[in-house]
Amino acid sequence: MLPSPVILRTNRLLLRELGTDDAPFIVELVNTPGWLKFIGERNIRSVDQAKTYLEEGPIKSYRENGFGLWGVSLKESDTLIGMCGLLKRDALAHPDIGYAFLPAYTGKGYAIEIAQATMDYAKTKLNITTLYAITHPENVASIKLLGKIGMRFKEKLSFKEGEDSLLFSNE
């Protein structure tokens, strides 16, 4: 297995490309209560389903856009603890930043550390000046984090019937 390319480093974390070898981590992450409540069911229950998700999602996005959802790992151990990155959605004019962490790693400042670094990377390395973020209206922790990294509420969106999302922007 070749090491995954590192996108950036912070004091405590590494942001790196995800590969199909990370499928067991994906199965765990997308089935956490927080993911299911605030991001939504992905019907990923097996390693094979997670590999398909990775190939059709993040890996395809790296190839097509030069960015995607990346793996967040602890610098000291390379243990994957979450995802953070940029998504290009047809419904939005600009890429949006997204993040999710395993429950054991929330409340430790990792999300703000890597989200801020990802925004800086988008601006300085990818020349993306306008970024959006989408969150569930009840995801108070995410809304607070977005405020801390300079994102402001823009409008309410409805991607799926009966489900509103809040759109934030750095501009």
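What to note about this one:
- Annotation note: of Pro95, Pro103, the sole residue that is modelled with pLDDT of 95 or more and surrounded by fewer than 16 Cβ atoms within 10 Å (Cβ to Cβ) is Pro103.
- Condition met for Leu14 (surrounded by fewer than 18 Cβ atoms within 10 Å (Cβ to Cβ), within 16 Å of Gly82 (Cβ to Cβ) and either touching a strand residue (DSSP E or B) at 6+ places or on another chain (Cβ under 7 Å) or not aliphatic (A, V, I, L, M) (or both)): no
- The residues of region 81-118 that are of a type outside the set (Lys, Arg) and part of a loop (DSSP other than H, G, I, E, B), listed by number, are Asp90, Ala91, Leu92, Ala93, His94, Pro95, Leu102, Thr106, Gly107, Gly109.
- In region 2-19, residue modelled with the lowest pLDDT [restricted to those that are under 22 Å from Ile112 (Cβ atoms) and among the aliphatic types (A, V, I, L, M)]: Val6
- Just one of (1) part of a loop (DSSP other than H, G, I, E, B); (2) of a type outside the set (Lys, Arg); (3) surrounded by fewer than 20 Cβ atoms within 10 Å (Cβ to Cβ) fails for Leu36. It is (1).
- Single match in Arg89, Arg63, Arg42 (criterion: farther than 25 Å from Pro137 by Cα and out of contact with any helix residue (DSSP H, G or I) (no Cβ under 6 Å at 6 or more places or on another chain)): Arg63
- One residue stands out in region 62-75 among those that are in contact (Cβ under 8 Å) with a residue 40 or more places away in the chain and either charged (D, E, K, R) or not in a loop (DSSP other than H, G, I, E, B) (or both): the one that is surrounded by the fewest Cβ atoms within 10 Å (Cβ to Cβ), namely Lys75.
The values are calculated or read from the model by the stated rules, or taken from the named source; none is laboratory data. None of the values given here were measured: they were computed from a predicted structure. A quick note on method: Cβ atoms are made from the backbone with ideal geometry, for glycine too, and the neighbour counts reach across all protein chains shown.
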